[in-house]
Amino acid sequence: MSIQPPQYELQQCIEREADHETWKAFHMQQRRYVTVRIVHVNEQNATADVVRRFQQEAQKLFVLQHPIIAQVRDYQILHNPATASTDFWIVTEYVEGISLAAYLLMVTQQGSVPPPAEVVRLLATVGNALDY
């Protein structure tokens, strides 16, 4: 597991892959749940340019204000000597429920297709966010 800043208590792993983890966490000072995405970067690949680009992109995410885009609350860069990696943290508001990807996987595993009205609603919602 990653090292973590003291203000976050990682509580439930939502997703874990070789290069990243997503957690439901509790922000101790603000007393609310957040989502933490931790991207693990090998120390060799965590060059000054990569760190700078991460910081620039994270700062751009702060200004996004859209009803269906989770608001970015924080970002951090943590060096983890135990794993010889640098962990890039993106903290967003926590949104209850399943992701669109999980919903689509669930529906296809059931061998069904969402009703046309649901497909149109989903595509319109995603399109609206992409257009923003």
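The values are calculated or read from the model by the stated rules, or taken from the named source; none is laboratory data. Owing to the predicted nature of the structure, the values given are computational and were not obtained by experimental measurement. Cβ: placed from backbone, ideal geometry, glycine included. Neighbour counts: every protein chain shown. All accessible areas refer to the heavy atoms of the entire protein, side chains included, with ligands and DNA or RNA removed. Shrake-Rupley method; radii C 1.70, N 1.55, O 1.52, S 1.80 Å.
A few comments on the model shown:
- Couplings 3J(HN,Hα) for region 41-50, derived from phi with the Karplus relation 6.51 cos²θ - 1.76 cosθ + 1.60 (θ = phi - 60°), are 10, 4, 3, 5, 8, 8, 6, 4, 5, 5 Hz, where x marks Gly and Pro.
- Once you divide the Cα radius of gyration of region 35-88 by 2.2 N^0.38 Å, the number left is 1.26.
- Shape category assigned to region 58-122 from the gyration tensor of Cα positions, a/c cut at 1.5: oblate
- When the trypsin sites (Lys or Arg not before Pro) in region 1-79 are filtered for DSSP coil states and for at most 15 other beta-carbon atoms within 10 Å of their beta-carbon, the remaining sites are Arg31.
- Segment Val95-Gln65, length gained on full extension (0.36 nm per residue, minus Cα span): 9.3 nm
- In this Cβ point-charge picture (+1 for Lys and Arg, -1 for Asp and Glu), region 2-132 has a dipole of about 280 debye about its Cα centre.
- Other residues whose C-beta falls under 15 angstrom from the C-beta of Gly127 contribute a net charge of -1, scoring Lys and Arg +1 and Asp and Glu -1.
- Rolling a 1.4 Å probe over the protein heavy atoms of the chain, with every protein chain left in place, gives an accessible area that is 57 percent carbon and sulfur.
- Alpha-carbon radius of gyration plus Dmax, which is the widest Cα pair, for region 1-123 in Å: 16.8, 51
- Region 17-68: GluC sites (Glu not before Pro) in DSSP loop, at most 10 other beta carbons within 10 Å: Glu17
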